[in-house]
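First the structure, in the form of structure tokens, and then the observations on it.
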Amino acid sequence: MIRMEGVTKTFGDHAVLRGVDLNVEKGTSMVIIGGSGTGKSVALKCILGLIRPDRGKILVDGTETTTGDRDAFLARFGMLFQGAALFDSLPVWQNVAFRLLRGSLKRPQAEAREIAIEKLRRVGLKPDVADKLPAELSGGMQKRVGLARAIAAEPEIIFFDEPTTGLDPIMAGVINDLIREIVVEMGATAMTITHDMSSVRAIADNVAMLHDGVIKWTGPVAEMDQSGDPYLDQFIHGRAEGPIQAVR
Amino acid sequence: MTLLAPLGALGRAVLTFMATVGRVSIFAARALSHIFRPPWYPRELFSSLLTIGWLSLPVVGLTAIFTGGALALQIYAGGARFNAEAVVPQIVAIGMVRELGPVLVGLMIAARVTSSIAAEIATMKVTEQIDALTTLSTNPMKYLVAPRVLAALITVPLLVGIGDIIGIAGGFGVAVHSLDFNPATYLMNTVNFLETRDVVSSLAKGAAFGLIAALMGCFYGMESGRGAQGVGRATKGSVEAAAVLILAANFVLTGVFFSI
């Protein structure tokens, strides 16, 4: 469904992506792992068109992402950002229903609010959260609101950028379970980037290891522990010694 | 090599300046074009009208009334040197309407509104809210920039008009209560002396300064760097740029309206 072919991206003189090749099958959950600053977020943003790659092709269902109607393209995606990226000035329900209150997916306000409350309930939040402002919520609740917003329009493809960063282990587990449930329930194609190995094991069907601007290893999560790849092995066991330099 | 270094630095500074001018020009053209092209966001526009216009009234009113009062005292004291104390109403009126009203309101808007817009948009950028808008099929130029620019274009001329009136009222209050001017004569002299061109130039300056103030806030916000330092730089840069451009535009517009 999503295919990246030889994607490169350089910022100044720093080559972040040096030729990323990746294939994500429809209805599967791909988790991209890798150290900080290895370009995982850049790869996701390239797919969404938030960052323009220097070279290479990105195809969704065989069509290049740079062609066609941009609104229709983006309507297929939902994204949970690392810090949730909720709009401070809007109450929670309007954040969740943002897409349903404007543009091609616009619904009547009462219906949009109803859907927002239903999605909030789906991620384990009570309806009384709907009228609060994002600043009144804890980090974990903000992440859940972000998740509710990502699924509000029932997208075919959902991206999760570091979904458990900054959360305690219990809340991280709750978010991981929610992501897995939602992806299975909706039949969506998911791409997640994370450092958190418990997230990888909870969320992934397939795993890709990004290092030095290229995909070093990719395969089913069940094969990850026996991959024999020294980079992946060092990363998943969190060892300071190995081919990945601890100080980069 | 050492001798050429200053030239190299000068060249880099000129190139950077020209590149910034180019980026600001393209940004301004895009912002203005989005005002006229759907989709429009009336709620965002209303909120911006309230923030930029209504909530700026107190600071504009206070600035204008004190400036008008001080102007009356200065003109009276200065005019007394050559027995021209009677020109206070005329000079206060012309001074407020042609120059001080628009410039002071413009600078107050730069301080209050430009900084606020730049900080808000820069924070949104740093916290990925701008990216989130895009992924939610909403163009940030239409949703964030166009309503703010349009609101400033509408409200700042009104604020300038109100500032002019309050400034003249400040001068009137001081003149009548402290300098023993006759109220009716003061008002008659003020009204009779002002020309349509004075008022039109004042409002036109207001529109230009509002445009500059909103554009600089939006531009620096959208171009902000990372982290708290990026937000701080964007805010500082936007106010500096807006203040300097407002004063430069004032000079140009004064030439356009009043050059003989």
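The values are calculated or read from the model by the stated rules, or taken from the named source; none is laboratory data. If you're wondering where the values come from, they're calculated on a predicted model, not measured in any experiment. FYI the Cβ positions are ideal-geometry reconstructions off the backbone, even for glycines, and counts take in every protein chain you see. Accessible surface is based on the protein model in full, side chains and every heavy atom, while ligands, DNA and RNA are left aside. Shrake-Rupley method; radii C 1.70, N 1.55, O 1.52, S 1.80 Å.
In table form, for the structure just shown:
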{"read-out": "Shielding by partners - mean other protein chain Cβ count within 10 Å, residues of A:84-94", "value": "3"}
{"read-out": "Isotropically averaged projected area of region A:1-104, using the convex hull of Cα atoms (one quarter of hull area), nm²", "value": "8.1 nm²"}
{"read-out": "Chain B, relative contact order [Cα under 8 Å, separation at least 6], %", "value": "30 percent"}
{"read-out": "Shape parameters for region B:1-96, alpha-carbon atoms, Rg then Dmax in Å", "value": "24.4, 66"}
{"read-out": "Using a Förster distance of 51 Å, the FRET efficiency for A:LYS132-A:GLN245 (Cβ separation, nearest 0.05)", "value": "0.70"}
{"read-out": "For region B:179-260: Kirkwood Rh in Å [reciprocal of mean 1/r, alpha carbons]", "value": "15.4 Å"}
{"read-out": "Accessible-area order (highest first, 1.4 angstrom probe) of the listed residues B:ARG233, A:ARG239", "value": "B:ARG233, A:ARG239"}
{"read-out": "Solvent exposure of the protein assembly as shown as accessible area per residue, Å², 1.4 Å probe", "value": "47 Å²"}
{"read-out": "Estimated distance in nm for a label pair at A:PHE11 and A:GLU154, the labels positioned 7 Å out from Cα along Cα-to-Cβ", "value": "3.7 nm"}
{"read-out": "Region B:41-258: radius of gyration and largest Cα-Cα distance (Dmax), Å", "value": "19.8, 69"}
{"read-out": "For B:136-143, mean number of other protein chain Cβ atoms within 10 Å", "value": "5"}
{"read-out": "Point-charge dipole on Cβ atoms (K/R +1, D/E -1) for region A:73-213, about Cα centre, debye to 20", "value": "460 debye"}
{"read-out": "Length gained when the stretch A:ASN23-A:SER104 is fully extended (0.36 nm per residue, less Cα-Cα span)", "value": "26.2 nm"}
{"read-out": "Listed residue (B:VAL160, B:ALA184, B:VAL239) projecting farthest to the positive dipole end of region B:41-258, Cβ model", "value": "B:VAL239"}
{"read-out": "Accessible surface of chain A [probe 1.4 Å, protein heavy atoms]: carbon and sulfur percent", "value": "49 percent"}
{"read-out": "Net charge dipole size for the protein assembly as shown [Lys, Arg +1 and Asp, Glu -1 on Cβ; Debye, nearest 20]", "value": "780 debye"}
{"read-out": "Lysines with Cα under 17 Å of A:LYS132, excluding same-chain neighbours fewer than 8 positions away", "value": "A:LYS119, A:LYS143"}
{"read-out": "Label point at B:ARG226 placed 7 Å out along Cα→Cβ; residues across region A:162-179 whose backbone nitrogen lies under 16 Å", "value": "A:162"}
{"read-out": "Positive-end residue of A:MET79, A:VAL7, A:GLY62, charge dipole of region A:2-148 with Cβ unit charges", "value": "A:MET79"}
{"read-out": "Chain A - convex hull of alpha carbons, volume per residue in Å³", "value": "130 Å³"}
{"read-out": "Bins of 20 Å, starting at 0 and running to the largest distance - Cα pair percent for the protein assembly as shown", "value": "20, 42, 26, 11, 2"}
{"read-out": "Loss of accessible area when A meets B, both sides summed, Å² nearest 100, probe 1.4 Å", "value": "1600 Å²"}
